[in-house]
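Reviewing the structure listed below.
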Amino acid sequence: VQLVESGGGLVQAGGSLRLSCAASGIIGGINAMAWYRQAPGKQRELVARITRGGTTLPDSVKGRFAISRDNAKNTVYLQMNSLKPEDTAVYYCNVVATMFNNNYWGQGTLVTVSS
């Protein structure tokens, strides 16, 4: 199983970035795809999750971030708008497979928002 993330980088406050994560090698389908982030000295936290039932985003990013999924490509996207310095973190892609609810993680991509 391989998760390949892209799209991180440096952006000024108020700017936008789009993250992508392409999953390959997963047998049996995908239950959920999500993005987490971990800032220095903090715990990893959920940023957005998408399942067949819909999407989940915490209040901290609701209205600024949006998650979407291309099922044909097994790819999940995170559109981040109105970025703030507190959004600075390493962002990780997460996939929960249908088979045994196995969890898979990407290598992480750094997002830095300057003030």
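Using a Gaussian network model of the chain with C-alpha springs under 10 Å, which one of GLY28, GLY41, GLY53 is most mobile by mean-square fluctuation?
Maximum fluctuation in the GNM of the chain, among the listed residues, is at GLY41.
Suppose the chain between LYS62 and LYS42 were pulled fully straight at 0.36 nm per residue; how much longer would it get relative to their current alpha carbon spacing? Mind showing how you got there, number by number?
Numbers: separation 20, 0.36 × 20 = 7.20 nm, distance 2.01 nm.
Length gained, LYS62 through LYS42: 5.2 nm.
How far is it, in nm, from the label point at ASN81 to the one at ARG18 when both lie 7 Å from their Cα along the line to the Cβ?
Label at ASN81, label at ARG18, 1.3 nm between them.
I'd like the projected area of the range 21-76, averaged over all directions, using the convex hull of its alpha carbons. Report it in nm² with one decimal.
On the way: hull surface 19.1 nm².
Spelled out: convex hull of the Cα atoms, projected over all directions, averaged, 4.8 nm².
Suppose R0 equals 22 Å. What FRET efficiency, 1/(1 + (r/R0)^6) with r the Cβ-Cβ distance, do SER6 and PHE100 give to the nearest 0.05? Walk me through the numbers before you get to the answer.
Numbers: r = 28 Å, r/R0 = 1.26.
With R0 = 22 Å, the Cβ-Cβ based efficiency is 0.20.
Quick one: net charge around ALA48, please, counting Lys, Arg +1 and Asp, Glu -1 for every other residue with C-beta under 13 Å from its C-beta. Could the numbers behind the result be given before it?
Details: positive: ARG18, ARG37, ARG49, LYS62, ARG64, ARG69; negative: GLU45, ASP59, ASP87.
Computed value for this residue: +3.
Report the chymotrypsin sites (Phe, Trp or Tyr not before Pro) located in the range 45-106 that are in a DSSP loop and have at most 14 other Cβ atoms inside 10 Å of their Cβ, or state none. The partial results should precede the final answer.
Numbers: sites: PHE65, TYR77, TYR91, TYR92, PHE100, TYR104, TRP105; in loops: none.
Loop-located and lightly packed - none at all.
What do you get for trypsin sites (Lys or Arg not before Pro) in the range 17-48 restricted to DSSP loop and a cutoff of at most 10 other Cβ within 10 Å of the site's Cβ?
Working: sites: ARG18, ARG37, LYS42, ARG44; in loops: LYS42, ARG44.
Loop-located and lightly packed - LYS42.
Mind putting a number on the dipole of the chain about its Cα centre? Charges go on the C-beta only, +1 for Lys and Arg and -1 for Asp and Glu, and I need it in Debye to the nearest 20.
Details: 11 positive and 6 negative charges, 30 e Å.
It comes to approximately 140 debye.
Return the whole-Å distance between the Cα centroid of the range 1-19 and the Cα centroid of the range 74-113.
That distance is 9 Å.
Out of SER16, GLY53, ASN81, whose Cα points farthest toward the positive end of the dipole of the range 1-98 (charges: +1 Lys, Arg; -1 Asp, Glu; placed on Cβ)?
With unit charges placed on the Cβ atoms, the residue in question is GLY53.
Pop out the carbon and sulfur fraction of the accessible area of the chain as a percent, whole number, probe 1.4 Å. Let's see the in-between values first.
Values: 2990 of 6060 Å².
For the chain, the apolar C and S fraction of the accessible surface comes to 49 percent.
Please compute the modelled spin-label separation between ILE27 and SER115, points set 7 Å along Cα→Cβ, answer in nm with one decimal.
In this crude spin-label approximation the distance works out to 5.1 nm.
The values are calculated or read from the model by the stated rules, or taken from the named source; none is laboratory data. Remember, it's a predicted structure, so these values are computed and weren't measured experimentally. Glycine gets a Cβ as well: all are built from the backbone with ideal geometry, and neighbour counts include every protein chain shown. Heads up: the accessible areas ignore ligands, DNA and RNA and are worked out on the full protein's heavy atoms, side chains in. Shrake-Rupley method; radii C 1.70, N 1.55, O 1.52, S 1.80 Å.
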